[in-house]
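K.L.:
Quick one: the structure is below, and I'll ask about it shortly.
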């Protein structure tokens, strides 16, 4: 495996773990219902929470990881035949599609959770309720981030492995020995004429 491939996998994996860690940290620091108090009859008082910063950084790290893996591997739609094996082609296609789906969902969860945990002191009630982020929003984004990065790395490894493979037809004739002719080639040397006096003459009775 090339050094470049190892570096990209390590970097993307690190960003994925960082996104997940920040997502779980934001889940632990999010504003809960017990943290909200009523200052007046229709005003909700929210405490300050670091979930906004944690969720925002997690979303940014996920975007960077997706950009790196997509730039390194390339879009599968732009490849005429990226892998010679049909099974590898199917696995790469599934990983590519699912990773983008999970990426969009994870990014929206992290961004929405961060926005709803924005630092604000007091807000008026909406329809008589004080609203907070539901449990599992940040953690769901963290889990989907890990899935996104894992599938992206698998797709990248499959595509990268094919770049070092020889085309099927490049060595298809390799190892086939050329058959020797069954009959020796005809003598193409021109005939040599010898003068009759060169040989001794002998007269038979």
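K.L.:
Go through the range 18-62 and count every residue that is surrounded by fewer than 16 Cβ atoms within 10 Å (Cβ to Cβ) and within 24 Å of residue 93 (Cα to Cα).
P.N.:
Number of matching residues: 0.
To keep it simple, each residue is scored yes or no on (1) farther than 20 Å from residue 73 by Cβ; (2) at pLDDT 55 or above; (3) surrounded by 18 or more Cβ atoms within 10 Å (Cβ to Cβ).
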| site | (1), (2), (3) |
| --- | --- |
| 100 | no, yes, no |
| 129 | yes, yes, no |
| 140 | yes, yes, yes |
| 164 | no, no, no |
| 168 | yes, no, no |
| 177 | yes, no, no |
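K.L.:
Here's a follow-up. It is to be established whether one or more residues within the range 110-117 are surrounded by 14 or more Cβ atoms within 10 Å (Cβ to Cβ) and either modelled with pLDDT of 90 or more or under 14 Å from residue 155 (Cα atoms) (or both).
P.N.:
Within the range 110-117 (the criterion being surrounded by 14 or more Cβ atoms within 10 Å (Cβ to Cβ) and either modelled with pLDDT of 90 or more or under 14 Å from residue 155 (Cα atoms) (or both)), the answer is yes, since at least one residue qualifies.
K.L.:
What's the number of the condition residue 78 fails, among (1) modelled with pLDDT under 95; (2) over 24 Å from residue 156 (Cα atoms)?
P.N.:
The number of the failed condition is (2).
K.L.:
Among the listed residues 69, 6, identify the single one that is assigned to a helix (DSSP H, G or I) and either surrounded by 18 or more Cβ atoms within 10 Å (Cβ to Cβ) or touching a residue at least 12 places away in the same chain (Cβ under 8 Å) (or both).
P.N.:
69 is the lone residue from the list that is assigned to a helix (DSSP H, G or I) and either surrounded by 18 or more Cβ atoms within 10 Å (Cβ to Cβ) or touching a residue at least 12 places away in the same chain (Cβ under 8 Å) (or both).
The values are calculated or read from the model by the stated rules, or taken from the named source; none is laboratory data. Keep in mind it's a predicted model, so treat the numbers as computed, not measured. Backbone-built Cβ (ideal geometry, glycine too); neighbour counts: all protein chains shown.
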